[in-house]
Every structure is written in structure tokens, then in C-alpha cells.
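What follows draws every value from the coordinates through simple rules; no lab data is involved. Because the structure is predicted, anything quoted here is derived from the model rather than measured. We place every Cβ from the backbone using ideal geometry, glycine too, and count neighbours over all the protein chains shown.
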Amino acid sequence: MSNRCVVLLSGGLDSMLAIRIMQRQGVEVEALNFKTAFTCCQDDSGRAARDLGVRLTVVSQEDDYLDLVRKPRFGYGKGANPCVDCRIYMFEKAKQFMEQVGARFVVSGEVVGQRPMSQKRRDFDIIAHHSGLDDLLLRPLSAKMLPPTLPEREGWVDREQLYDICGRSRKKLIAMAKEFDLPNIPSPSTGCALTEPKFSRKVFDLIELAPTATFWEYDLLSVGRHYRFDKHTKVVVGRKESENIQLQYTHRLPEANSTALLMPDNFAGPTALLLGEPTPQALDYAIALLTRHSNFEETADLEESAAPQIRLSTHDETRTVAACVSEAALAAKTIAAD
């Protein structure tokens with residue numbers, strides 16, 4: 001078996017350094033990027049792989065990933081982030097990939113104490129054990145603060161050339177990046193929308209009121225303003241042209257759970273999407289929200305005598321209705337404020 005390892009590459013500085021450390025020791029690197037519906041900055045991993053001269057494989061979550069988002073065994077962070085459970089899931093996939101490509105061990109750029117939810121000393125042990133990797137998981141940036149792993153004990157890597165970095169400071173990491181001549185030093189990033197408080201409120205709303213929601217509904221959380229009409233119904237309103245287009249596209253997907261699409265017919269305004277039973281009351285609410293976020297005075301091509309109208313499409317019909325603003329729409333608040 002060749003001296004090959006799998007390195008989890010997010011595109012951040014830590015994972016890039018982990019690859020350089022392995023390359024310096026002559027270890028062959030297979031880079032693996034794990035993508036979820038909530039992961040940001042996917043382009044960074046591709047750029048980093050190119051800069052480092054390694055082959056990159058991207059894997060996505062499977063349907064069971066939502067189970068750990070809904071009910072994580074090891075709890076949430078400050079947001080809806082099940083970081084420990086997510087890392088376990090990620091390393092399980094890395095272990096499978098390691099076996100597929102004939103690698104000996106898995107490498108992570110994690111640093112002891114850098115992230116409060118998943119990089120405490122205790123968390124490292126939990127993640128390594130429950131992922132099934134145990135001491136086949138090497139964290140070279142903090143290795144000297146941890147017990148020697150199998151790759152170190154067997155001499156696959158030289159422990160003396162590993163590091164003892166701890167905490168949140170980036171000074172040592174940036175110095176290492178310059179030493180290794182990394183062409184691009186990325187800025188810090190959360191990398192996951194689940195850590196964001198505003199996004200988390202939308203996630204918890206979905207978990208509570210739609211416990212069987214699919215990836216389609218979770219993907220939709222990143223688009224537009226979300227208004228809750230009742231516990232079974234909500235309206236999503238686009239905030240800009242790109243989101244209006246995305247809502248129209250999302251509504252046409254085979255897996256879509258939306259029941260109505262509303263678009264301005266003779267004035268400038270947002271697109272709105274209804275999820276839930278399209279009752280007259282729910283549709284009136286959606287129409288009023290769309291109108292609330294429009295500005296008729298700035299619509300140049302709307303004749304003074306023309307009443308503003310909305311094109312309403314449900315599964316059964318497409319029709320034109322009058323635009324209006326209700327007191328309920330004026331008082332409505334988004335699930336997560338902008």
C-alpha cells in the first residue's frame with residue numbers, strides 16, 4: 001500500500017496547511033470536499049486544490065443528513081449547527097473514501113480550541129471514535145498536543161515535523177502559509193449557514209412546524225423573506241431580481257412542495273411563493289405581501305387608470321387577480337428579520 005492519505009479540504013487556510021504538511025513529508029494526498037445544503041464558499045476548495053496541485057473529489061450529503069440537523073445526538077451550537085454530529089458524518093464519508101482509494105489514513109486541518117462547538121479536546125475524541133476512524137485520524141496542526149496516532153507510531157509521518165498550535169489566533173497559521181509559499185491566504189469564514197442566527201431561526205421554524213421537510217424546503221431557506229401565515233402555511237417573497245428568478249425556477253422543480261406562484265402582471269415587484277394549502281385566505285395573504293414589497297409610484301409603465309394586477313398560478317389554474325395590501329400583511333414579520 002502506498003503512503004497515501006485523504007485530506008478534508010474546505011478551501012480554508014487550515015486545511016490547505018494540512019495538505020502542505022503532508023506533501024512536505026512525501027505523503028501522497030487525495031483531497032476530499034464535503035458539501036451540504038448549508039455549506040458556503042464551495043469555489044474556495046476548487047481554487048485551493050488547484051493551488052496545491054492535488055486531485056479534488058466533492059461528495060454531497062445523503063438523505064439521512066437531515067436527521068442529524070433535526071435531532072443531533074451531541075446538540076447544537078449557538079445556531080442550528082450540529083457541528084459534532086456533522087463532523088462525525090463527514091469523517092464517516094472520509095473513511096469510506098479512504099478505503100475506496102487505497103489510502104492509509106485521514107487528515108484534518110482542525111486546531112484544538114479554534115472553534116467552540118467542535119474543536120475542543122473532548123470533541124476530537126468523540127468525533128474520531130464515532131466516525132470509526134479512531135487513531136487513523138491525524139490533525140497535524142495540533143498533533144503534538146494530542147496522543148500519537150497510528151500514522152505517527154508506524155512512521156508513515158514524522159511527528160517531529162508536526163505542530164502544537166492551539167486556540168483561535170491565526171498568527172502562526174499565517175506565518176506557516178508564508179513559509180509554505182501559499183499563493184492565496186483565505187480569510188476566515190464560518191463556512192456553514194447553520195451557524196448564522198438569522199438563518200437558524202428559519203431552520204428551527206421548519207424543524208418545529210414541518211418535521212418531515214425535504215431538502216427542497218431546506219434549500220429554499222436561503223432565498224427571500226419567509227413569512228409564516230399559520231403553522232402549515234408560509235410565503236416566501238423575493239428580495240431582488242436574482243431571487244425572483246430562483247423562486248420561479250424552484251417552483252417548477254419536480255420535487256417542489258410549493259402550491260402557488262405569484263408574479264406582478266403590470267407593475268414592478270417581487271415574486272412570491274406559497275407553501276401550504278392555497279386557501280383563499282392564504283392566497284390573499286400572499287397577494288398582500290407581494291404588494292407590500294412593491295412600489296407602484298416607481299413603476300414607469302403603469303398607466304394611471306390601470307389597476308395593479310398579479311398573475312397567480314396554482315396547480316389547477318393561472319389567473320389574474322387584483323393587487324392589495326391587508327392589515328395582516330402590514331403587520332407580518334419575517335421568520336428571520338433582514
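Looking at the range 137-235, the trypsin sites (Lys or Arg not before Pro) that sit in a DSSP loop and have at most 13 other Cβ atoms within 10 Å of their own Cβ are 168, 231. Show the residues, 5+ positions off or on another chain, whose built amide H is closer than 5 Å to the amide H of residue 309. Correct list: 265, 266, 267, 323.
Checked against a 24 Å cut-off, the cross-linked pairs 171/202; 71/240; 93/178; 95/171; 93/198; 71/202 give Cα-Cα distances beyond that limit for 171/202; 71/240; 93/178; 95/171; 93/198.
The trypsin sites (Lys or Arg not before Pro) of the range 23-95 that DSSP puts in a loop, and whose beta carbon has at most 16 other beta carbons within 10 Å, are 73, 78. Taking the Cα centre of the chain as reference, the dipole from Cβ charges on Lys and Arg (+1) and Asp and Glu (-1) amounts to some 1440 debye.
Stretching the chain fully between residue 317 and residue 67 yields a gain of 86.4 nm (0.36 nm per residue, less the alpha carbon separation).
Between helix 13-24 and the chain there is an angle of about 30 degrees, using the helix long axis and the longest principal axis of the Cα atoms.
Based on Cα contacts under 8 Å between residues 6+ apart, the chain shows a relative contact order of 14 percent. What angle, in degrees between 0 and 90 and rounded to the nearest 10, separates the Cα long axis of helix 42-52 from the longest principal axis of the Cα atoms of the chain? Tilt of helix 42-52: around 30 degrees. Working note: Karplus 6.51/-1.76/1.60 with θ = phi - 60° gives the range 56-70 the couplings 10, 10, 10, 10, 10, 5, 9, 4, 6, 5, 5, 4, 6, 5, 6 Hz, where Gly and Pro are set to x. Between residue 252 and residue 179, the FRET efficiency estimated from the beta carbon spacing at R0 = 41 angstrom works out to 0.20. What is the distance in Å between the Cα centroid of the range 2-45 and that of the range 190-218? For the range 2-45 versus the range 190-218, the Cα centre distance is 27 Å. Comparing Cα centroids, the range 153-188 and the range 54-80 end up 26 angstrom apart. Please determine, in degrees from 0 to 90 and to the nearest 10, the orientation of helix 280-292 with respect to the longest principal axis defined by the Cα atoms of the chain, where the helix direction is its Cα long axis. Between helix and principal axis, roughly 80 degrees. Computed over the chain, the alpha-carbon pair-distance distribution with 20 angstrom bins reads 28, 43, 24, 5, 0, each value a whole percent. Were the residues from residue 135 through residue 160 laid out at 0.36 nm apart, the gain over their Cα-Cα distance would be 7.2 nm.
Peptide packing: for 309-318, 256-265, the average count of neighbouring Cβ atoms within 10 Å per residue gives the ranking 256-265, 309-318, highest mean first.
Once divided by 2.2 N^0.38 Å, the Cα radius of gyration of the range 196-331 becomes 1.03. Applying a DSSP loop filter and a limit of 13 other Cβ atoms within 10 Å to the GluC sites (Glu not before Pro) in the range 103-207 leaves 154. In this simple spin-label model, placing a label point 7 Å from the Cα along the Cα-to-Cβ direction at both residue 212 and residue 144 gives a separation of 5.6 nm.
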